[in-house]
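What follows is one structure encoded as structure tokens, with my remarks underneath.
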Amino acid sequence: MKGNDTLLLHLFYTLLLFLGVRSSSSAGNGSNDVTNRKEVYIVYMGAADSTNASFRNDHAQVLNSVLRRNENALVRNYKHGFSGFAARLSKKEANSIAQKPGVVSVFPDPILKLHTTRSWDFLKSQTRVNIDTKPNTLSGSSFSSSDVILGVLDTGIWPEAASFSDKGFGPVPSRWKGTCMTSKDFNSSCCNRKIIGARFYPNPEEKTARDFNGHGTHVSSTAVGVPVSGASFYGLAAGTARGGSPESRLAVYKVCGAFGSCPGSAILAGFDDAIHDGVDILSLSLGGFGGTKTDLTTDPIAIGAFHSVQRGILVVCAAGNDGEPFTVLNDAPWILTVAASTIDRDLQSDVVLGNNQVVKGRAINFSPLLNSPDYPMIYAESAARANISNITDARQCHPDSLDPKKVIGKIVVCDGKNDIYYSTDEKIVIVKALGGIGLVHITDQSGSVAFYYVDFPVTEVKSKHGDAILQYINSTSHPVGTILATVTIPDYKPAPRVGYFSSRGPSLITSNVLKPDIAAPGVNILAAWFGNDTSEVPKGRKPSLYRILSGTSMATPHVSGLACSVKRKNPTWSASAIKSAIMTSAIQNDNLKGPITTDSGLIATPYDYGAGAITTSEPLQPGLVYETNNVDYLNYLCYNGLNITMIKVISGTVPENFNCPKDSSSDLISSINYPSIAVNFTGKADAVVSRTVTNVDEEDETVYFPVVEAPSEVIVTLFPYNLEFTTSIKKQSYNITFRPKTSLKKDLFGSITWSNDKYMVRIPFVLTK
């Protein structure tokens, strides 16, 4: 989904919510109409019991206590991974249920959204050290299959895509308890030894696991698609398309509709079934809207992920596409939160001017214009209609600002450097309606993303390059030029860069956990698409079986695919050990050997990319891991203000003698055993936090020494200074003392790296003022 489409979708849902409030408040003459109006509520009742029968009885008892006799309000039950149900209730009924014993929370069913706006080959070139990982040898399309199962909660699957062939796969793992739900357009043969399960959660329009959006097919093939040679998007980004863990199995949970809306009740059902079915990793390229603080007891993804991680399932989620500080989503500590970065491939559509100067542009278009610069060009300001009151409107190609007589038959150059009101798509509509034959949009808003404009000649030019176009137009009375069709630029530098749209930290839940956790390729990613998509096909061509998309949606399956590979290599590892391995092996430099930057050219910080950009070999053998255990998560809930009674309901069981500390505060969150450190220094002179690492190398006898990279404003000391592991000592703890020299004027960033002669295990830290 394009950046502007994301904004429009946000506004659309906001409007729907507004209209819903308006309609409910105006449907009658009193407040009783609002109170009695029925809508879907989620009733969350914490951890699952051991018997499904007791669940049904509990749910029925709670629901029947507020309903009229024989009223059927139940939408669905949650009974495998956690307890609860979704039902159509009035506000009064929902409030009544919220007071019942054993009920954690009751909340309206939220509508979440998808996070969309040559990657694996690029990742293999990004490495810190050379390690013999004994990778699988892919021979054609036949290779050794894995019993690792990835669950994807998304828009479904297009099973006929070549990426999901099961050639070379062995039998479905015997532990698998899932199912292949059939429908009129999805029979049992749509599942195979690759797609081993498919479920859907019906809405009135879609009662099938088949993907009519494309998003679910795209992310699934990115994560675990088998190699397919000759893949491209009408010749662009050509090569072999493959997922990060092509040998892994795939289980599909369709929780979102064709238009990208994802009800929280369906998402929770997907989590509940995935826990029951036996997946190893869960991947969610969806979430809410950035800039709002999440309540952990009413966030469907946080709830589902908590219970999944309790059962050893790693949950990987998109950070969001809001692109501003404090907008990172899916930021609970039991979630692996993924930001988006670029790869070393660009998609350019250049402008050729009448003086033969070539100006770099970026877009995906299949322009029918000739390569020779023979087409009349006009600067939009010069095409202003008579008596316009604001010439800036014409310069930026706003509605009703341009004279059709001056635009017809010309390439129009719109100056959108400071335009926050109208997107390139909207300006295309304006220029086409006036008879223009092409559009050059001078803008910095799209960063490294190449948006798709089918076959209308359109390109986006950065302002630093756009000046050359304006100088040429002003230098001649008859400016001419052309817009070239898009070409693929390989080995692009610098890369990776953090995408402009990728949501940034710090987290609004707490500044004492650093989010996002990691960055992965999410810009201009080629992957499988659903068949028969005739919506955006260039003239004279057939629908493509692949599509190029951008978003943290695309970054997420890169990490979940990598997690599947780590799980296969280390099948006994916990979810947090896999998470730690991915984070501590990340890189912070680009392919020019300089620090990773953002799309705007600024040096990236952990608020942009967490621990850094993923690598593909080091996580398989990281040396040490930081395991965040269940007690850490229970303490986190304590420190966030939940009482022990509520925590016992949520968790089901707690260790003997566990209780919340009397002095619980958010500052204590800094000491949960997380593979990054975040400390809030408000009102403190110094801070001490602790971490524990586990030696997971085959070599038992080893010593690690630290390297601390700290800003000059703070003194960082470690104790002990080295970590010695033996056959009998697999775990070691250490303390870190942070002592600012003066009161902090800004947030500070640094890192701690433990290394021996084989591994470097790095965690970032952030100190907030």
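The values are calculated or read from the model by the stated rules, or taken from the named source; none is laboratory data. These numbers were taken from a predicted model, which means no experiment stands behind them. As a convention, Cβ positions derive from the backbone with ideal geometry for all residues, glycine included, and neighbour counts pool all protein chains shown. Surface areas here come from the heavy atoms of the whole protein model, side chains and all, with no ligands, DNA or RNA. Shrake-Rupley method; radii C 1.70, N 1.55, O 1.52, S 1.80 Å.
Go through Phe738, Phe725, Phe765, Phe749 for me and flag whichever is in contact with a helix residue (DSSP H, G or I) (Cβ under 6 Å, 6 or more places away or on another chain) and surrounded by 14 or more Cβ atoms within 10 Å (Cβ to Cβ). Walk me through how you get there before you give the answer.
Numbers: Phe738 fails: in contact with a helix residue (DSSP H, G or I) (Cβ under 6 Å, 6 or more places away or on another chain); Phe725 fails: in contact with a helix residue (DSSP H, G or I) (Cβ under 6 Å, 6 or more places away or on another chain); Phe765 fails: in contact with a helix residue (DSSP H, G or I) (Cβ under 6 Å, 6 or more places away or on another chain).
Exactly one residue qualifies, and that residue is Phe749.
Determine whether Ser671 is among the hydroxyl-bearing types (Ser, Thr, Tyr), out of contact with any Phe, Trp or Tyr (no Cβ under 7 Å at 6 or more places or on another chain) and open to solvent by less than 60 Å² (accessible area, probe 1.4 Å). Can you show your working first?
Details: among the hydroxyl-bearing types (Ser, Thr, Tyr): yes; out of contact with any Phe, Trp or Tyr (no Cβ under 7 Å at 6 or more places or on another chain): yes; open to solvent by less than 60 Å² (accessible area, probe 1.4 Å): yes.
Taking the combined requirement at face value, the residue satisfies it.
Return the residue satisfying two criteria in turn: it lies in region 256-282 and is of a type in the set (Val, Ile, Thr) and more than 16 Å from the chain's Cα centre (by Cα), and of such residues it is least open to solvent (accessible area, probe 1.4 Å).
Among them, the one singled out is Val279.
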Restricting attention to region 211-225, which residues are in a loop (DSSP other than H, G, I, E, B) and either in contact with a helix residue (DSSP H, G or I) (Cβ under 6 Å, 6 or more places away or on another chain) or of a type in the set (S, T, N, Q) (or both)? Asp211, Asn213, Gly225
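Table: residues versus (1) open to solvent by less than 60 Å² (accessible area, probe 1.4 Å); (2) touching a Phe, Trp or Tyr at 6+ places or on another chain (Cβ under 9 Å); (3) at pLDDT 95 or above.
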{"position": "Arg128", "(1), (2), (3)": "no, no, no"}
{"position": "Lys134", "(1), (2), (3)": "no, no, no"}
{"position": "Ser139", "(1), (2), (3)": "no, no, no"}
{"position": "Leu150", "(1), (2), (3)": "yes, no, yes"}
{"position": "Pro171", "(1), (2), (3)": "no, no, yes"}
{"position": "Asn192", "(1), (2), (3)": "yes, yes, yes"}
{"position": "Ile195", "(1), (2), (3)": "yes, yes, yes"}
Count, please, the residues in region 604-639 that happen to be surrounded by fewer than 17 Cβ atoms within 10 Å (Cβ to Cβ) and at pLDDT below 95. 0
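Being assigned by the TED database to the domain that holds Val523 and either under 17 Å from Pro521 (Cβ atoms) or modelled with pLDDT under 95 (or both): is that true of Ala577 here?
Values: assigned by the TED database to the domain that holds Val523: yes; either under 17 Å from Pro521 (Cβ atoms) or modelled with pLDDT under 95 (or both): no.
For Ala577, the condition - assigned by the TED database to the domain that holds Val523 and either under 17 Å from Pro521 (Cβ atoms) or modelled with pLDDT under 95 (or both) - is not met.
Could you please find all residues in region 580-603 being small (Gly, Ala, Ser) and surrounded by fewer than 24 Cβ atoms within 10 Å (Cβ to Cβ)?
Filtering region 580-603 for residues small (Gly, Ala, Ser) gives 580-581, 585-586, 594, 600-601.
If the condition is that a residue be small (Gly, Ala, Ser) and surrounded by fewer than 24 Cβ atoms within 10 Å (Cβ to Cβ), then Gly594, Ser600, Gly601 are the ones that fit.
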